[in-house]
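Below: the structure, in structure tokens.
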Amino acid sequence: MSEFDLVRPQNTVAVLQKYQFHFQKKYGQNFLIDAHVLEKIISAAGITEDDFVLEIGPGIGTLTQCLCRHAGAVAAVEIDQNLIPILKDTLSEYQNVTVIHGDILKLDVKNLARESGAGKMKVIANLPYYITTPVIMGLLESNAGIERMVVMVQKEVADRMQAQPGTKDYGALSLAVQYYAKPNIVAFVPPNCFMPRPKVGSAVICLDCGQKRAVTVLNEAILFAIIRASFNQRRKTLVNGLYNAPNLSLTKSQICEAMERVGLPLQIRGEELSLDQFAKLSDELSFHNKIGSI
Ligand code: SAM
């Protein structure tokens, strides 16, 4: 039997019946039952036996079993207490996995990486959609030595992460993700690949975080404050968006002067600026100390 045969619907049903498991909607439980998608995740992750892998939300352990076969060590964090005995069973033949019963949003990921002794890690997950953005942003900002993340997310969220300036999907999430990583959608996944079926389409996205930041800025906090302010009032010009942001306290003339110095037309909207242009504007405003403490 190939490792990818593990995901056949009848195998999942057998495990669920054996343990009389009931799905909990509040935990975003949509288990993967498609072998091709599993194969794509494993191949995009490029896992070798040198890798330490963190899996978020192992469910009944289908993806986890494949990870165990490829990686040196796997840590799987699952919030649902009812899944812990199931995971003990489905993962019983693997010595290189640690199941952690807990909430990924409360886990000290940096410490986990340190304790593993690997110093770097890959993150793989069919993410529970109700916490996609906080989980991804928390991991990107964690400084935990994450080289690559391969995650299943709602299709619409994957589109936003990869979006370019001037498109309807482009926004604060696109810029934040692209500041830390190179996003690349590797598969679109329809609802029938899951049990139970979600109401929305999904996508697997690979975020390569190994390299340095996409741009260098004097002050990251100021960069992100400017980005948030620009998209809070999407249809307004950049000048008005920044002027109306209470935490920036900028005058119109300070904003206009800074924009002119970096060569931005005064009528431009935030959604038209590239990350590089946001970085230049951020440095202009930081350098002249126009923004107090953020
Ligand atoms: N990996 C399995 C699969 O692909 O079939 C299950 C994926 S399911 C979409 C999401 C999993 O994340 C569920 O097992 C759910 O219980 C778990 N989960 C939900 N919220 C979590 C949290 N805050 N921390 C850790 N696990 C969580």
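The values are calculated or read from the model by the stated rules, or taken from the named source; none is laboratory data. What you are looking at is a predicted structure, and each value in this text was computed from that prediction instead of being measured. Cβ sites come from the backbone with ideal geometry, for glycine too, and all protein chains shown count toward neighbours. Each accessible area value is taken on the protein alone, full model and side chains, heavy atoms only, with ligands, DNA and RNA left out. Shrake-Rupley method; radii C 1.70, N 1.55, O 1.52, S 1.80 Å.
Of the whole protein surface, residue 194 contributes about 10 Å² of accessible area at a 1.4 Å probe radius. Relative to the longest principal axis of the Cα atoms of the chain, helix 9-18 runs at roughly 70 degrees. Surface composition of the stretch 16-71: carbon and sulfur atoms hold 46% of the protein heavy-atom accessible area at a 1.4 Å probe. Of all DSSP bridge pairs formed entirely within the chain, close to 45 percent run antiparallel.
The GNM of the chain, with springs linking C-alpha atoms under 10 angstrom apart, assigns the highest mean-square fluctuation among 74, 186, 153 to 186.
Sorted on the mean count of surrounding Cβ atoms within 10 Å across their residues, most packed first, peptides 87-99, 140-152 read 140-152, 87-99. The portion of the accessible surface of the stretch 202-294 made up by carbon and sulfur, rounded to a whole percent, is 48 (1.4 Å probe; DNA, RNA and ligands excluded). A 1.4 Å probe over all protein chains sorts 48, 237 by accessible area into 48, 237, starting with the largest.
Solvent exposure of residue 193, expressed as accessible area, is near 10 Å², computed with a probe of 1.4 Å over the protein chains only. Short-range pairs are left out: with C-alpha atoms under 8 Å and at least six residues apart, the relative contact order of the chain is 14 percent. So in the stretch 63-214, what percent of DSSP beta bridges are antiparallel if you round to the nearest 5? If we restrict to bridges inside the stretch 63-214, about 55 percent are antiparallel. Our helix-only sum for the chain, with -39,500 (n - 2.57) per DSSP H run of n ≥ 4 divided by its residues, gives a mean residue ellipticity at 222 nm of -11000 deg cm²/dmol. Distance between the pseudo-spin-label points of residue 18 and residue 108 (7 Å out from Cα toward the beta carbon): 3.6 nm. Annotation: per residue accessible area for the chain equals 47 Å², rounded to a whole number [probe 1.4 Å, protein chains only]. Each principal axis of the Cα cloud of the chain was evaluated for its coordinate range; sorted largest first, these ranges are 68, 40, 29 Å.
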